[in-house]
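Accompanying notes for the structure given below.
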Amino acid sequence: MAPVKGVLAGRRQRGAALLLMLAVVGLGAASMLMAGIGKTDTRAGPERRSAAALAQAREALIGFALVNGRLPRPAQEDGGGREFDGRCDSEERCSGLLPWVTLGLPPGDGWGKLLRYSVTPAMSAAPVHPTVAFGTKSIVTRRDGRLVRQVGAAACSMATQCGAAVVFSYGREHGGTSVHGVRQPGTSLTNADERFNALAITTFIERPLSRDRLAAGGEFDDQLVLLPVGVLFNRMSLARILPQSE
């Protein structure tokens, strides 16, 4: 019986060693997997938070319009998050930062940068007359490397409605202003579409996120949301905020 016991003991020892080896290998594989997930989440998490901040901003803009009969004016760099005083009577003056304090929102996107905001001048002064006011914000995207119009028209009008306002996030890379008021440097020379958006006042580029510097328009991680005129006017009409036609 002693030899049998010795054989069984040896098998148990080899089995235990094998289990230990598998456990070590499993832990190593799990660590590699978690590391991969962690790398993905460093981008995916802030991108999801930015998307949520943009959606929240759009609803806050509508809520503001339901109370005030108009959309808010932008905040200026030194405006403390409040819409600036006076009228924004041009596309340039109607483009700036999202007035987060005026809207009662937390500042910034998922990357800790202030959201940019551009509003149609006619939508920033009450009362807004739906029979004469039309949106001036349009969206283009890239198809086969070429810019094509996605929302709006080259010349906005009552017949070819464009958007009422645009809110966008600069993303992780390349520019913007931090929630602490610090300008973020642009570190790329190939991000043509992002550079376009940074100066845009009526037409904005929206396309899938890309880190490919050789892609048409270069790398791109801007995120944006458009407030359609139809959605805005419908909500304002239901709340009886729009002037009644005679």
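The values are calculated or read from the model by the stated rules, or taken from the named source; none is laboratory data. Since the model is a prediction, treat every value here as computed from it, not as a measurement. Glycine also receives a Cβ, built like all others from the backbone with ideal geometry; neighbour counts cover every protein chain displayed. Note: areas computed on protein heavy atoms with side chains; ligands, DNA, RNA excluded. Shrake-Rupley method; radii C 1.70, N 1.55, O 1.52, S 1.80 Å.
Out of the residues in the stretch 81-123 that are part of a loop (DSSP other than H, G, I, E, B) and charged (D, E, K, R), which is nearest to ASP221 (Cα to Cα)? Break it down stepwise before answering.
Step one: list which residues in the stretch 81-123 are part of a loop (DSSP other than H, G, I, E, B), which gives 81-82, 84-94, 98-99, 104-112, 114-115, 120.
Keeping just the survivors that are charged (D, E, K, R) gives 82, 85, 87, 89, 91-93, 109.
On the way: ARG82: 27, ASP85: 32, ARG87: 32, ASP89: 30, GLU91: 24, GLU92: 24, ARG93: 25, ASP109: 13 Å.
Per the stated criteria, the residue is ASP109.
Only one of the numbered conditions (1) more than 12 Å from the chain's Cα centre (by Cα); (2) closer than 23 Å to MET236 by Cα; (3) not small (Gly, Ala, Ser) is not met by TYR117, and that is (1). Listed conditions (1) in contact (Cβ under 8 Å) with a residue 60 or more places away in the chain; (2) of a type in the set (Val, Ile, Thr); (3) within 21 Å of GLY112 (Cβ to Cβ) are all met by THR141, apart from (3). Can you find a residue in the stretch 20-34 that is modelled with pLDDT of 50 or more, among the polar types (S, T, N, Q), assigned to a helix (DSSP H, G or I) and surrounded by 10 or more Cβ atoms within 10 Å (Cβ to Cβ)? No, that holds for no residue. Scanning the stretch 188-246 for residues that are in contact with a Leu (Cβ under 6 Å, 6 or more places away or on another chain) and over 23 Å from LYS137 (Cα atoms) yields a single hit, ALA239.
With respect to GLY104, is the statement that it is surrounded by fewer than 16 Cβ atoms within 10 Å (Cβ to Cβ) and either out of contact with any strand residue (DSSP E or B) (no Cβ under 7 Å at 6 or more places or on another chain) or of a type in the set (D, E, K, R) (or both) true?
yes
Confirm whether THR160 is open to solvent by 60 Å² or more (accessible area, probe 1.4 Å) and assigned to a loop (DSSP other than H, G, I, E, B). Break it down into steps so the answer makes sense when it comes.
Working: open to solvent by 60 Å² or more (accessible area, probe 1.4 Å): no; assigned to a loop (DSSP other than H, G, I, E, B): yes.
No; evaluated as a whole, the condition is false for this residue.
You will find that of ALA155, ALA126, the residue that is open to solvent by 10 Å² or more (accessible area, probe 1.4 Å) and either more than 15 Å from GLU91 (Cβ to Cβ) or touching a Ser or Thr at 6+ places or on another chain (Cβ under 9 Å) (or both) is ALA126 and no other.
Might you check whether a residue that is crowded, with 20+ Cβ neighbours inside 10 Å, in contact with a helix residue (DSSP H, G or I) (Cβ under 9 Å, 6 or more places away or on another chain) and farther than 14 Å from LEU147 by Cβ occurs anywhere in the stretch 195-218? No: zero hits.
From the list GLU173, GLU246, pick out the single residue that is crowded, with 16+ Cβ neighbours inside 10 Å and either at pLDDT below 95 or in a loop (DSSP other than H, G, I, E, B) (or both). Before the answer, list the steps.
On the way: GLU246 fails: crowded, with 16+ Cβ neighbours inside 10 Å.
That would be GLU173, the only listed residue that is crowded, with 16+ Cβ neighbours inside 10 Å and either at pLDDT below 95 or in a loop (DSSP other than H, G, I, E, B) (or both).
The residue pairs whose first member lies in the stretch 61-83 and is more than 28 Å from VAL182 (Cα to Cα) and touching a residue at least 60 places away in the same chain (Cβ under 8 Å), whose second member is open to solvent by 20 Å² or more (accessible area, probe 1.4 Å) and part of a helix (DSSP H, G or I), and whose beta carbons are closer than 8 Å, counting only pairs six or more residues apart or on different chains, are ILE62/VAL231; ILE62/ARG235; ALA65/ARG235; LEU66/ARG235.
The condition of being out of contact with any helix residue (DSSP H, G or I) (no Cβ under 9 Å at 6 or more places or on another chain) and either β-branched (Val, Ile, Thr) or within 21 Å of ALA192 (Cβ to Cβ) (or both) holds for only one of ARG146, ARG142, that being ARG146.
Counting only residues that are in a loop (DSSP other than H, G, I, E, B), more than 20 Å from ARG48 (Cβ to Cβ), touching a strand residue (DSSP E or B) at 6+ places or on another chain (Cβ under 9 Å) and open to solvent by less than 50 Å² (accessible area, probe 1.4 Å), the stretch 176-194 holds 1 of them. Filtering the stretch 76-94 to residues that are in contact with a helix residue (DSSP H, G or I) (Cβ under 7 Å, 6 or more places away or on another chain) and either of a type in the set (A, V, I, L, M, F, W, C) or more than 22 Å from ASN197 (Cβ to Cβ) (or both) leaves GLY80, ARG82, CYS88, ASP89, CYS94.
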